[in-house]
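To start, the structure under review is shown below, and the notes come after it.
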């Protein structure tokens, strides 16, 4: 970006800008580190949740098959209860998938990229101010 650097005519003003930019840079570096860790966590969790969810779906399908051939009685009732538990587990995993799944991972990757771009721009700003300060 083109900055109106010509309006800065004193070294003290450059120092103020460099101090401010240094604080911004430190905050962005911390935020970037946090986003990197979150993105890594989301990557791991999204794969894990999807694998478990597929297993639960397969179990529900198998129990449906068993329930359909069982005669009425305590065994069938037990399998129906197991199916309800699995359906609840599936519900929980689907909600977790929304929070930590592939879509959430992409959102975290975008956040990380945004912070990286901001950090690059702050570094460029520091360079411009430092170079201008050297000419005063």
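Looking at segment 115-136 only, could you name the residues that are under 30 Å from residue 46 (Cα atoms) and either more than 23 Å from the chain's Cα centre (by Cα) or surrounded by 13 or more Cβ atoms within 10 Å (Cβ to Cβ) (or both)? Passing the criteria: 115, 116, 118, 119. The residue of segment 1-17 that is modelled with the lowest pLDDT, among those that are loosely packed, with under 13 Cβ neighbours inside 10 Å and outside any helix (DSSP H, G or I), is 1. The single residue among 44, 72 that is at pLDDT below 95 and either farther than 26 Å from residue 90 by Cβ or under 16 Å from the mean Cα position of the chain (by Cα) (or both) turns out to be 44.
Scanning segment 61-93 for residues that are closer than 23 Å to residue 49 by Cα and touching a helix residue (DSSP H, G or I) at 6+ places or on another chain (Cβ under 8 Å) yields 63, 64, 82, 83, 86, 87, 89, 90, 93. Checking the structure you have, find out if any residue of segment 18-36 is buried (at least 16 other Cβ atoms within 10 Å of the Cβ) and over 30 Å from residue 133 (Cα atoms). Yes; the residues of segment 18-36 include at least one that is buried (at least 16 other Cβ atoms within 10 Å of the Cβ) and over 30 Å from residue 133 (Cα atoms).
The values are calculated or read from the model by the stated rules, or taken from the named source; none is laboratory data. The structure presented is a predicted model; accordingly, all values stated were derived computationally and were not measured. Positions of Cβ are backbone-derived with ideal geometry, glycine not excepted, and every protein chain shown enters the neighbour counts.
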